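Novice: Take a look at this one; I'll ask things after.
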Amino acid sequence: MGSDGGRAVDGCLTAVMTILVLIVLLWGGLWWWFAETSDANEAEARASLRTAVESARARLADSAADGTLLGTEIDRVLGKTPSETRRQGRGVTITAALHGAGPGWLAGGTTASGCYRFRAEPPAVRVREVPYDACTRLPSAPYRAPETVARDITAELRAALTDGGLDAVRAAPVWRTRGVGIQNQETDRGHLTALVWLSRNAGDKDCYEFRVRVRPASVTDRKLTDQGCYRMDREQLAREEAAARARLDAAARKIAQRLHRAVADGGATDAELRDALALPKTGPMGQPAVHDPVAVPLGIDRSATAVILDARVGTLDQGGTDQGCYEFRVRPGARTVTRRATGTDCFSR
């Protein structure tokens with residue numbers, strides 16, 4: 001009996017020791033795997049950082065290939081990256097904090113960061129890593145001063161105009177610079193005008209106008225009031241409103257012609273007048289839309305010498321959506337018809 005009990009205890013101890021050994025081995029394996037994975041993730045993040053640095057250097061070199069490196073060109077390369085630019089003669093020194101990313105266990109993965117100094121002496125650009133302390137004092141302003149950006153834009157547009165004319169100006173990379181937003185742009189007979197917002201900070205921006213002329217070749221810029229950036233929108237709205245008035249007046253003129261025929265014999269009964277107003281619109285296939293009249297009569301007022309008709313007038317074709325109020329004044333004795341637009345008051349009737 002005692003022997004059996006001892007063997008049972010020995011078996012339990014063996015089982016416990018086996019489990020403990022397995023736990024230790026599993027924990028050690030997990031720790032090794034985690035360390036190896038972390039090292040691989042960090043290596044991938046560092047490789048990503050090296051790629052980002054070389055990509056930035058190559059893009060800066062590409063921008064400097066023409067002998068200059070403008071602030072807008074640097075902005076497009078670095079984007080939101082904290083940086084500082086200093087100029088001395090033709091040389092440009094850019095200090096920037098760059099980052100690389102790799103996979104990881106936590107949200108955002110593994111990151112690698114470094115502080116780099118790019119030295120551009122166009123067309124060459126070199127880069128070296130510097131202590132990260134040099135990047136802890138970089139300017140925090142997200143955008144450069146609009147007046148400085150405007151000068152850079154003008155310089156880039158001059159180069160684009162020389163290289164490819166107005167087509168190159170319209171497609172110039174400078175329009176895609178961070179903090180540069182086109183409100184409107186138009187081209188007319190060798191001229192291009194762009195109304196552009198230049199960001200001053202996250203919630204403030206200035207309006208600038210850029211004018212490009214092919215002959216003689218010139219590019220100018222000037223600051224406008226905020227309302228100046230909506231000038232083309234107002235002009236476009238005015239053109240659309242004028243076109244709408246012209247469409248409505250064409251319909252009203254057609255109605256007036258029908259009314260004139262109705263009073264040609266000196267008569268002007270209500271039925272004749274309403275029939276004249278019942279001009280059908282033209283359908284999409286060119287057919288009369290008999291149940292969709294151009295004008296809707298709203299009232300007839302008679303005096304001893306004239307008949308005044310108020311009507312809501314639409315366009316001659318069914319596709320139009322414009323509407324306006326008109327007064328038609330018929331003088332049967334004189335056999336004359338006049339018309340005038342009266343605004344939009346009739347819409348509430």
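The values are calculated or read from the model by the stated rules, or taken from the named source; none is laboratory data. Everything numeric in this text was worked out from a predicted model, so none of it was measured. All Cβ positions, even for glycine, are placed from backbone atoms using ideal geometry, and neighbour counts span all protein chains on display. Quick note on the areas: whole protein, heavy atoms, side chains included, nothing else; ligands and nucleic acids left out. Shrake-Rupley method; radii C 1.70, N 1.55, O 1.52, S 1.80 Å.
Novice: Does Arg151 satisfy being closer than 30 Å to Asp221 by Cβ, assigned to a helix (DSSP H, G or I), at pLDDT 95 or above and among the basic types (Lys, Arg)?
Specialist: Here the answer is yes, as Arg151 does meet what is asked.
Novice: Then there is this: Looking at Thr315, Thr342 in this structure, which one is in contact with a helix residue (DSSP H, G or I) (Cβ under 9 Å, 6 or more places away or on another chain) and among the polar types (S, T, N, Q)?
Specialist: Thr315
Per-residue answers, yes or no, for (1) among the polar types (S, T, N, Q); (2) buried (at least 18 other Cβ atoms within 10 Å of the Cβ); (3) over 25 Å from Asp226 (Cβ atoms); (4) in contact (Cβ under 8 Å) with a residue 60 or more places away in the chain:
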residue	(1), (2), (3), (4)
Ala96	no, yes, yes, no
Cys115	no, yes, yes, no
Pro123	no, no, yes, yes
Ala171	no, no, yes, no
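Novice: Related question: Suppose we filter Leu78, Leu69 for residues that are within 15 Å of Thr93 (Cβ to Cβ), touching a residue at least 24 places away in the same chain (Cβ under 8 Å) and touching a strand residue (DSSP E or B) at 6+ places or on another chain (Cβ under 7 Å); which single one remains?
Specialist: Numbers: Leu78 fails: touching a residue at least 24 places away in the same chain (Cβ under 8 Å).
Going through Leu78, Leu69 in turn, the sole match is Leu69.
Novice: Return the total of residues in segment 37-67 being in contact with a helix residue (DSSP H, G or I) (Cβ under 8 Å, 6 or more places away or on another chain) and surrounded by fewer than 17 Cβ atoms within 10 Å (Cβ to Cβ).
Specialist: Number of matching residues: 2.
Novice: Let me ask something else about it. Give Arg176, Arg239 a once-over and let me know the one that is under 26 Å from Ile94 (Cα atoms), of a type outside the set (Val, Ile, Thr) and open to solvent by 80 Å² or more (accessible area, probe 1.4 Å).
Specialist: Arg176
Quick grid of which residues meet (1) touching a residue at least 24 places away in the same chain (Cβ under 8 Å); (2) touching a Gly at 6+ places or on another chain (Cβ under 9 Å); (3) of a type outside the set (S, T, N, Q):
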| residue | (1), (2), (3) |
| --- | --- |
| Glu73 | yes, no, yes |
| Thr85 | no, yes, no |
| Gly89 | no, no, yes |
| Glu147 | yes, no, yes |
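Novice: Here's something else I'd like to know. Checking the structure you have, find out if any residue of segment 199-206 is among the basic types (Lys, Arg), over 26 Å from Tyr326 (Cβ atoms), in contact with a Ser or Thr (Cβ under 9 Å, 6 or more places away or on another chain) and crowded, with 18+ Cβ neighbours inside 10 Å.
Specialist: Yes, because at least one residue in segment 199-206 is among the basic types (Lys, Arg), over 26 Å from Tyr326 (Cβ atoms), in contact with a Ser or Thr (Cβ under 9 Å, 6 or more places away or on another chain) and crowded, with 18+ Cβ neighbours inside 10 Å.
Novice: Continuing with this model, one more query. Mind checking whether some residue in segment 297-309 is part of a loop (DSSP other than H, G, I, E, B) and in contact (Cβ under 8 Å) with a residue 40 or more places away in the chain?
Specialist: Among the residues of segment 297-309, not one is part of a loop (DSSP other than H, G, I, E, B) and in contact (Cβ under 8 Å) with a residue 40 or more places away in the chain, which makes the answer no.
Novice: Inside segment 218-235, can you point out the residues that are open to solvent by 80 Å² or more (accessible area, probe 1.4 Å) and touching a residue at least 24 places away in the same chain (Cβ under 8 Å)? Spell out how you get there, then give the answer.
Specialist: Taking segment 218-235 and keeping what is open to solvent by 80 Å² or more (accessible area, probe 1.4 Å), we get 222-223, 225-227, 230, 234.
Lys223, Tyr230 - these are the residues of segment 218-235 that are open to solvent by 80 Å² or more (accessible area, probe 1.4 Å) and touching a residue at least 24 places away in the same chain (Cβ under 8 Å).
Novice: Please specify each residue of segment 256-275 satisfying the condition of being surrounded by 12 or more Cβ atoms within 10 Å (Cβ to Cβ) and hydrophobic (A, V, I, L, M, F, W, C).
Specialist: Ala256, Leu259, Ala262, Val263, Ala268, Leu273
Novice: Moving on. Residues to consider are Ala264, Ala243; find the one that is assigned to a helix (DSSP H, G or I) and more than 23 Å from the chain's Cα centre (by Cα). Spell out how you get there, then give the answer.
Specialist: Numbers: Ala264 fails: assigned to a helix (DSSP H, G or I).
After ruling out the rest, the residue left standing is Ala243.
Novice: Further question on the same structure: So in segment 109-148, with the set limited to residues that are modelled with pLDDT under 95 and basic (Lys, Arg), which one is farthest from the chain's Cα centre (by Cα)?
Specialist: Taking the candidates together, the pick is Arg137.
Novice: Moving to a separate point now. Provide a single number: the residues in segment 154-166 that are surrounded by 13 or more Cβ atoms within 10 Å (Cβ to Cβ) and without any contact (Cβ under 8 Å) to a residue 60 or more places away in the chain. Spell out how you get there, then give the answer.
Specialist: Taking segment 154-166 and keeping what is surrounded by 13 or more Cβ atoms within 10 Å (Cβ to Cβ), we get 154-161, 164-166.
Then keep just the ones that are without any contact (Cβ under 8 Å) to a residue 60 or more places away in the chain; that gives 160-161, 164-166.
Residues meeting the conditions: 5.
Novice: The conditions are (1) aliphatic (A, V, I, L, M); (2) outside any loop (DSSP other than H, G, I, E, B); (3) within 29 Å of Pro82 (Cα to Cα), and Val219 fails exactly one of them. Which is it?
Specialist: (3)
Novice: While we're looking at this one, here's another question. Restricting to segment 310-333, name every residue that is open to solvent by 10 Å² or more (accessible area, probe 1.4 Å) and either within 17 Å of Phe347 (Cβ to Cβ) or part of a strand (DSSP E or B) (or both).
Specialist: Going residue by residue through segment 310-333, those that are open to solvent by 10 Å² or more (accessible area, probe 1.4 Å) are 310, 312, 316-323, 326-327, 329, 331-333.
Residues satisfying the conditions are Asp310, Arg312, Asp317, Gly320, Thr321, Asp322, Gln323, Tyr326, Glu327, Arg329, Arg331.
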